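Data first, discussion second: the structure below is written as structure tokens.
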Amino acid sequence: MVFDRAVDAALADRLRSDLLAARYTVDRLRQLWGDEADAALARGDRVPAQRALHGSSDPAALLARLLLLAEPADEATLARVLPTLGSAGARSLGLVDGAGRATLDVRPVAALDAAGPVDWLIASDLGESAVGGPLPPEHVLGVGGASVTLSGLIPTSPVEAVLDLGTGCGIQALHAARHARRVVATDSSPRALQLAALTLALNGVTTVELRQGDLYAPVAGERFDRIVSNPPFVITPRVEGVPIYEYRDGGRIGDALVEEVIRGAAEHLVPGGTAHLLANWEYRGDGSASAARERPAGDGLARVRRWADEAGLEAWVIERERQSPAEYAATWIRDGGTRVGTPAYEELAAAWLDDFAARGVSAVGFGYVLLRRPLDPMRPRLLRTEVLGSPLGAAPTGLGDQLLACLAAHDRIASLDDEQLAGRCLAVAPDVTEERHYWPGAEGPTVIRLRQGGGLARTIEADAALAGLVGACDGDLAVGAIASALADLLEVDEGALRGQLLPQVRELVLCGLLLPVD
């Protein structure tokens, strides 16, 4: 269903004009309150920023006190900082109430992608620190760590159409509009769509269509080149007394919503189209949470892989974090504003743990899901799951483009047998370095590591043969020729060395450490 509760465009334009005139930007606010207050605000602590801005007459400082710190403003202050919109316009737009207190959070956000830097204005509901207690169920979240992570997973190659599934405040729709001719943004929450409409209007974006409905219902029968989603995947007990937040709780039991999103993507991607998601998945069955942590890829990842496989999709699932049921419950109970040690917290924690116990859940994983509808049904499908908890590499514009490049590299070698792969020329990626460690006095290294500086920042343990092959990959020599020379140098059987190296080469190509050369 098309969302038709349009924002008053004239009032939104006036607000935008006032905010820009006041230099209400990320850089300007950081100048006004400093790095320490900036970091504190990211943690939900307003006090350092309040102290830094106290007494300042700078228009950006006054706007920040009103729209970010939720301090009331009198008529004179409203008239000064919103001269074009005016106090009456601010109330009509739903920005402030009759007492001059903000009813919305409107903040500047700076972003960077392959198209360059951009500054946006994002409208959302007031946060927990401004509300002063637990959030209401219809709360619309602003830009947080998860939304920033997802934006970094979105490729920036031009496409015709993008689906932003569960748009919330509209931040991913803004990112998608930078590289798509058309964006459809959906949400089941009318309030989220209203705030997304304001966000889009504040940034002058007109290529996004808003639709209301659950998951894929608003786009039945339609296909897209790209799907992006930070769905409401939080696993919440479906029992009386446990608050349900629209921005995070999808109304399903366990991780069933994530399964629906993954399986449903197959019907809404064009051939070759990709989906980029954040998700949770449950580890079920016997075994302690500590044992689940130690498994490199347990049943949680296997279940996600199965969902994609049965839907006929390719998948690359990267687990970034794993929590025990108690840790997971604590995270999301606190997220709703309920504090540890209170009776309310203990009741909620018991409900969460009972819910996990009923399904035999030993842990919950969180991470990235990259899906693709195969372009060529005869080509080997990629179905890969892995655990990568280490920090990411230097990727100022995010991982999205690199992951697509890795998919393209997979396509170029997946159908090659070993003999054909041996005939290919490869080049070392420019961000790869080699690290060697020696025992004192030793002639040869005891440890050799290949390190990826960007992307997923992989560290590959290598022996002399693999390090030698990688070092010789200059784009001119074929892999087989390098392996033959190494066999002579190391005085080993060439066939055995090829059998060892070629699977390693395939892995390095897929992970972006070695690049195919035409």
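The values are calculated or read from the model by the stated rules, or taken from the named source; none is laboratory data. Just so we're clear, the structure is a prediction, and the values are computed from it rather than from any experiment. Virtual Cβ from ideal backbone geometry, glycine too; neighbours counted across all protein chains shown. Ligands, DNA and RNA are excluded from the accessible area calculation, which covers all protein heavy atoms including side chains. Shrake-Rupley method; radii C 1.70, N 1.55, O 1.52, S 1.80 Å.
Brief remarks on what is shown
- Verdict on Ile448 being within 12 Å of Leu514 (Cβ to Cβ) and surrounded by 15 or more Cβ atoms within 10 Å (Cβ to Cβ): no
The rows are residues; the columns are (1) part of a helix (DSSP H, G or I); (2) out of contact with any helix residue (DSSP H, G or I) (no Cβ under 8 Å at 6 or more places or on another chain).
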{"position": "Gly100", "(1), (2)": "no, no"}
{"position": "Leu121", "(1), (2)": "no, no"}
{"position": "Ser147", "(1), (2)": "yes, no"}
{"position": "Gly152", "(1), (2)": "yes, no"}
{"position": "Arg182", "(1), (2)": "no, yes"}
{"position": "Ala196", "(1), (2)": "yes, no"}
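- Helices (runs of 4 or more DSSP H) enclosed by region 463-518 - at least 2 residues per element that are open to solvent by less than 10 Å² (accessible area, probe 1.4 Å) and touching a Gly at 6+ places or on another chain (Cβ under 6 Å): none
- Residue in region 397-425 that is surrounded by the fewest Cβ atoms within 10 Å (Cβ to Cβ), counting only those that are among the polar types (S, T, N, Q) and under 18 Å from the mean Cα position of the chain (by Cα): Thr397
- Every residue from region 70-92 that is surrounded by fewer than 21 Cβ atoms within 10 Å (Cβ to Cβ) and outside any helix (DSSP H, G or I): Ala70, Glu71, Pro72, Asp74, Pro83, Thr84
- No other residue among Pro430, Pro440 is in a loop (DSSP other than H, G, I, E, B) and under 28 Å from the mean Cα position of the chain (by Cα) apart from Pro430.
- Look at (1) closer than 15 Å to Glu507 by Cβ; (2) open to solvent by less than 40 Å² (accessible area, probe 1.4 Å); (3) at pLDDT 95 or above; (4) not small (Gly, Ala, Ser) and you find that Val428 fails only one, number (2).
- Yes/no for Ala394 being open to solvent by 40 Å² or more (accessible area, probe 1.4 Å) and either farther than 27 Å from Ala114 by Cα or assigned to a helix (DSSP H, G or I) (or both): no
- Exactly one residue out of Ala130, Ala177, Ala123 is under 19 Å from the mean Cα position of the chain (by Cα) and either without any contact (Cβ under 8 Å) to a residue 12 or more places away in the chain or surrounded by 15 or more Cβ atoms within 10 Å (Cβ to Cβ) (or both): that is Ala177.
- Pick from region 277-297, criterion open to solvent by 10 Å² or more (accessible area, probe 1.4 Å) and not charged (D, E, K, R), ranking: modelled with the highest pLDDT: Gly285
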